[in-house]
1. List the lysines whose alpha-carbon lies under 30 Å from that of LYS49, not counting same-chain residues fewer than 8 positions away?
2. In whole percent, how big is the carbon plus sulfur part of the accessible area of the stretch 459-546, probe 1.4 Å, protein atoms only?
3. Using the Cα centre of the stretch 455-599 as origin and beta-carbon charges of +1 (Lys, Arg) and -1 (Asp, Glu), tell me which of GLY548, VAL585, PHE527 is placed farthest towards the positive end of the dipole.
4. Charges at C-beta only: +1 for Lys and Arg, -1 for Asp and Glu. How large is the resulting dipole of the stretch 249-337 about its Cα centre, in Debye rounded to 20?
5. Can you pull the three principal axis extents for the Cα set of the stretch 273-429, in Å, largest first?
6. For a paramagnetic label modelled at 7 Å from the Cα of LEU211 toward its Cβ, which residues of the stretch 158-175 fall within the zone defined by backbone nitrogen distances under 15 Å?
7. Given the peptides 570-580, 407-417, arrange them by the average over their residues of other C-beta atoms within 10 Å, most packed first.
8. To two decimal places, what compactness ratio does the stretch 534-628 give when its Cα radius of gyration is scaled by 2.2 N^0.38 Å?
Amino acid sequence: MAEHHHCHEENGSCRHHHHHPANNRRLLLRIGVAGLLFAAAVCGLLPEKIAVVLFVGAFLLAGADIVRQAGKNLLRGEWMDENTLMSVATIGALAIGEYPEAAMVMILYQSGEYLQHRAVEKSKRSIAELMDIRPDAAFREENGAPVKHRPEDIAVGDVIIVRSGEKIPLDGTVVEGEAAVDTAALTGESLPRVLKPGSEALSGFINTNGLLKIKVSRVYGESTAAKILKLVENAESRKAKTEKFITRFARYYTPAVVAAAVLVAVLPPLLTDAAFSEWLKRALTFLVISCPCALVISVPLSFFAGIGGASRKGILIKGGSYLEAIARCRTIVFDKTGTLTRGSFAVSRILPVAGVAEEYLLQTAAEAENISNHPIARALRQAAGLSLPATATAGKAEELAGLGVRAKINGKTVLAGNRRLMEKFRINGEFGAVGGTVVHVAEDERYLGAVVIADSPKENAADALGELAALNVGSVMLTGDAQTAAQNIADELKINRFYANLLPDGKVQKLEELMDEHSRNPGTVVFVGDGINDAPVLTRADAGIAMGGLGSDAAIEAADAVIMDDDLQKIPLAVRMARKTLRIVKQNIVFALGVKVVFLALGAGGLMTMWGAVFADVGVALLAVANALRAYRA
């Protein structure tokens, strides 16, 4: 048992150490030999003294490491662990002449721990294999030929060669070649993605055919693969409230059961004529039953399995505390542009006044916006054919913050922007255009008309929000866009509650108001955004989820969870998986505590043998671990 884990006094929880295959084989061999010695001792063919020697030999072979670890813990002052409980119970059994029980308790206990350890390691291995995106090597192009290097030795700007069947070791841009890549380890998507010159290639993708030459854009330590691996490795360190409860529980539980065992051994003989040896045996059985392994192992394992199962679906959750927050959410607040909508604006309507041609109105608006790189300006330029006249030169236009632009085109003063811009320069016109973001255009104080720019919802946005509603999770939309544009998207997606015209600090303020509402009712508030512009809101929410965070530094840093592709339906999936994990955690707590209480009472009452006690302890732990592993499956 000591090879498996020991408990630290600071938290009272059992921590499993890495178990190498060689150690596993040695433990299995020891259990097997101890079992043979036990069988020889109980066969009845040997003298009693030799049988006792064999029983003690089986006990030492199976349990010496547990006794040794208990001794080390005692010297460090860390005596409240299950190594101590098992050592005291079995050595006490030897002291009162219960040699077969002492030997068999150690053999069964070690067998149970071995099986339990195999189950835990199998889960961790399957998760590690799933997230096995760490590259083995990188082949840098040198004099036209690939030369093998460690990924850490490749610099930004180097060109690497990735052949069919190889992992892409570092982030970069394809400069030559075309190939289909498997992105499942990062995104959870089964469909391959085609990379061609100019495509972004991320570490962790697997080249399934063809040959790619990639110009490296990030060193290995800053690559997507390295960040995701660090994310997964650190996920266990962020404990959920339930995990912290188990830590606190174990800290008080162990000394409490030791005190109870002492009372069971001492009080009845003092108060009655009962034999001390009988009540000592009951106390020792009580100690064996009391081992809290099922709780302290299965609960963290449940969260780990839930996080691993989510990562398999392309949902990276940074820790148990965030998984628990997602499970308990009652409201999810969405950013609009780029999250619920495609984020790609396009001209939807051109509304010139009488006497003005549509082409002239659009061309004038595009020329005026030529200095801006705003999505609206790009949409205008794209609609105008991207071939702007030479008259639209930089330096002849200025941006008016929050209003639009003023430009000199062919000697004429052109205004292009929102209604407030028109009012500022006292331009008269019909400003009633709705249905998106409206760009009003005026030339030499004459109103020419309006161009409507609209964004559209993502293809699966309505389905995702419908699934959340079925999970009893409400949806709220926050946006910096105009009221009319927000209203159109809200109507299309059937969102009843939304807030428009919000700057980043305004979004934080609205989120805090929603969180205040939930402080009076159970449940958490989760924010979903693009992870770049919404960093303040992502960090303020009970849990922040970044959409489309693949390769985005800001997304991975700011959010508590990252959807590795842009699929909105991963949000309800994350909620379902988190809730399933939390249900399993609660089941394990109730099951483990319930069984413990019943068997502790039976042990104290003399209705449970020590053999039955170890079956109870090991059996409960194995059943709880098996239940915990269900969290790995969606």
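The values are calculated or read from the model by the stated rules, or taken from the named source; none is laboratory data. Worth saying up front: this structure is predicted, and the values here are computed from it rather than measured. So basically every Cβ, Gly included, is an ideal-geometry build from the backbone, and we count neighbours across all protein chains shown. The protein model used for the area step is the full one, side chains on, heavy atoms only, and it has no ligands, DNA or RNA in it. Shrake-Rupley method; radii C 1.70, N 1.55, O 1.52, S 1.80 Å.
1. LYS281
2. 47 percent
3. Toward the positive end, the furthest listed residue is VAL585.
4. Values: 9 positive and 4 negative charges, 118 e Å.
It works out to roughly 560 debye.
5. Cα spread of the stretch 273-429 along its principal axes, largest to smallest: 114, 32, 30 Å.
6. 160-166, 175, by backbone N distance to the label point.
7. Details: 570-580: 22.1, 407-417: 18.6.
Averaged packing, sorted descending, gives the order 570-580, 407-417.
8. Values: Rg = 21.5 Å, N = 95, 2.2 N^0.38 = 12.4 Å.
Compactness ratio reported: 1.73.
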